[in-house]
1. If a residue must be open to solvent by 20 Å² or more (accessible area, probe 1.4 Å), closer than 13 Å to I223 by Cα and small (G, A, S), how many such residues does region 367-396 contain?
2. Quickly run through region 41-77 and pick out the residues that are free of Cβ contacts under 8 Å to residues at least 60 places away in the same chain and among the aliphatic types (A, V, I, L, M).
3. Report yes if G101 is free of Cβ contacts under 8 Å to residues at least 60 places away in the same chain, surrounded by fewer than 18 Cβ atoms within 10 Å (Cβ to Cβ) and within 19 Å of V221 (Cα to Cα), otherwise no.
4. Being in contact with a Cys (Cβ under 7 Å, 6 or more places away or on another chain), buried (at least 22 other Cβ atoms within 10 Å of the Cβ) and in contact (Cβ under 8 Å) with a residue 40 or more places away in the chain, is that true of even one residue in region 285-306?
5. Does V433 meet the test of being surrounded by 22 or more Cβ atoms within 10 Å (Cβ to Cβ) and either modelled with pLDDT of 95 or more or under 27 Å from G247 (Cα atoms) (or both)?
6. Out of region 412-430, which residues are among the polar types (S, T, N, Q) and open to solvent by less than 10 Å² (accessible area, probe 1.4 Å)?
7. In region 266-284, what residues are in contact (Cβ under 8 Å) with a residue 12 or more places away in the chain and within 14 Å of V243 (Cα to Cα)?
8. Go over the candidates G125, G79, G70 one by one and state the one that is open to solvent by 10 Å² or more (accessible area, probe 1.4 Å), within 21 Å of the chain's Cα centre (by Cα), at pLDDT 95 or above and of a type outside the set (F, W, Y).
Amino acid sequence: TNKTAAASTVVSARNGEVNEGTATDIIIVGAGVAGAALAYTLGKDGRRVRVIERDLNEPDRIVGELLQPGGYLKLIELGLEDCVDEIDAQRVFGYALFKDGKNTKLSYPLENFHSDVAGRSFHNGRFIQRMRHKAASLPNVSLEQGSVTSLIEEKGTVKGIQYKTKDGQEFMASAPLTIVCDGGFSNLRRSLSNPKVDVPSCFVGLILENCELPHANHGHVIIADPSPILFYPISSTEIRCLVDVPGQKVPSVSNGEMAHYLKTMVAPQIPPQLHTAFITAVNKGNIRTMTNRSMPAAPQPTPGALLLGDAFNMRHPLTGGGMTVALSDIVLLRDLLRPLHNLHDASALCRYLESFYTLRKPVASTINTLAGALYKVFSASADKAREEMREACFDYLSLGGAFSEGPISLLSGLNPHPISLVLHFFAVAIYGVGRLLLPFPSPTRIWTGARLISGASGIIFPIIRAEGVRQMFFPATVPAYYRAPPVD
C-alpha cells in the first residue's frame with residue numbers, strides 16, 4: 001500500500017529541492033479509523049489525497065473494537081461496509097446488563113432496518129488495515145509512512161506539514177487543506193483547538209478464549225464495584241474483557257499487583273460462565289492497560305486545517321461511541337466539501353467549514369454526553385443517593401419497552417437526539433425518587449430523593465455545558481449553522 005510520494009509536491013527541507021508532480025488537494029495526518037475512512041471518502045469524490053501515517057503496520061489496540069449500528073450505517077453511507085468482511089467480525093444485536101446477580105437484555109431497535117444492520121465487533125487492527133487497503137487502491141490517494149512533526153503556517157494559515165521518514169529524512173508537503181486525525185494522543189491538536197483532556201479511568205484489557213458469553217452476540221456490561229466491566233466478542237473464538245479502574249493509577253502489571261487485583265477484586269463479580277476463562281486469561285499474563293480520555297470538542301477554526309476523530313473529540317469508551325462519532329463527522333464533512341471545486345481560498349473555506357462544528361453537534365454531543373453520564377451513574381459511590389440512581393438506572397432499563405428502547409437507540413447511534421437523552425436521564429432519576437417515596441415517604445427518603453435529583457443534575461449538566469448548550473439543543477440559532485458554499 002505504500003505508494004510513492006512522487007505524485008505530489010515534495011519539498012526536501014534539507015536541500016530545498018522541489019519535485020513538482022501533481023499537486024495535492026488534501027493532506028490527511030494519520031490513517032487510523034478516521035484518517036483511513038476519510039482518505040477513501042475524499043479520494044472517491046475525486047480529490048487528490050495524501051496520507052501520512054506514523055506506522056502502516058497492523059495496529060494492535062484494545063479500543064475501537066465495537067462499532068455501534070449507527071456507525072455501521074455510516075460505514076454503508078461511505079461505501080466501506082465491506083471492511084468488516086473477512087476479518088471474523090461478530091454481529092452485535094444489543095447489550096446485556098448485569099448487577100448483583102440479576103441481568104437484563106437490551107436489544108437494539110433494528111426492526112426497521114435491512115437485516116444486515118447491526119453492531120459489529122472485531123480486532124481493531126484488522127478493520128483499519130482493510131480501510132487503509134481500500135483507500136490506497138484509489139489512484140488519487142497516496143499513503144506513506146512518516147511522522148508529522150509540525151504544521152507549516154504562514155500568516156495564520158496552515159499551508160501543509162513537515163514530516164520525517166523512517167530513515168530520518170525531513171520533508172515538507174503542501175495542500176490547501178490539511179486534516180489532522182492523529183488520534184487520542186495527537187501532538188498537533190494544540191495548534192488547532194483548546195483541548196481540555198480529562199482522564200476519568202483506565203481500561204485493563206484481556207482476551208478470553210474458548211468460552212461462551214451468557215447472551216450470544218451481545219455486549220455485556222457488569223455494573224460492578226468500583227466501576228463497570230465490559231465483555232464483547234472480537235472474533236469467533238475470542239472475547240474482549242475490559243475492566244475499568246477509576247483514577248489515573250492502575251495496579252502494576254509487572255510486579256503481579258494487577259493479576260492479584262483482577263483475581264481478588266474483579267473475578268468474584270464476573271458471571272460464573274466466564275469465571276474460568278477470566279482466571280486463565282489473567283494467568284496467561286497478556287494484560288494490557290490504556291488510559292480512558294475524555295475531551296470535548298473545542299475547535300479554534302484555523303484557515304487551511306481541520307481536526308477530526310480522537311484528535312478532535314473524545315468521550316469515555318464505556319459505550320463504544322467513538323467510531324460512530326468519527327464516521328458520522330466524515331459523512332458530514334464529505335457532504336460539505338462536495339460542492340467545492342476549489343479549496344484554495346483558505347479564509348472563505350474556513351468560514352464555510354465552521355458550520356461543520358455546529359452540524360455535528362446533535363449526534364456527537366448525544367453520544368458524548370451519554371458516555372460520560374452512564375460512566376458516572378454505573379460507578380460505585382459511598383453516597384446513598386448515587387447508589388439509588390445506579391440501582392434505578394438498572395431497574396429502569398430492565399422495564400423493557402420504551403424504557404429500554406429509548407436509551408439503547410441513543411447508545412447505538414440510531415436515534416441521536418439530545419432532548420431524548422435528557423428526558424430519559426431525568427426519567428431514571430424520577431423513577432428512582434418514586435421508588436423511594438412509595439409506599440410512604442419518610443423524611444430520610446424525601447431527603448435522599450432530593451439529593452438523587454440534584455446528583456443527577458450534577459452529573460449531566462456539566463457534561464452538557466462542556467458540549468455547548470446552544471449547539472446541542474438549539475443549533476439553528478448558531479450563526480454558523482448553515483453557510484452557502486464559497487463561490488469558486
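The values are calculated or read from the model by the stated rules, or taken from the named source; none is laboratory data. Remember, predicted model here, so these are calculated numbers, not experimental data. Here Cβ is always computed from backbone atoms with ideal geometry, including for glycine, and neighbour counts include all displayed protein chains. Keep in mind that these areas ignore ligands, DNA and RNA; they rest on the heavy atoms of the full protein, side chains included. Shrake-Rupley method; radii C 1.70, N 1.55, O 1.52, S 1.80 Å.
1. Counting residues in region 367-396 that are open to solvent by 20 Å² or more (accessible area, probe 1.4 Å), closer than 13 Å to I223 by Cα and small (G, A, S) gives 2.
2. Scanning region 41-77 gives a single hit, I76.
3. For G101, the condition - free of Cβ contacts under 8 Å to residues at least 60 places away in the same chain, surrounded by fewer than 18 Cβ atoms within 10 Å (Cβ to Cβ) and within 19 Å of V221 (Cα to Cα) - is met.
4. Yes.
5. Against the criterion (surrounded by 22 or more Cβ atoms within 10 Å (Cβ to Cβ) and either modelled with pLDDT of 95 or more or under 27 Å from G247 (Cα atoms) (or both)), V433 qualifies.
6. The answer is S412, and nothing else.
7. V266, A267, Q269, I270, P271, L274, F278, I279, A281, V282
8. Answer to the selection: G79.
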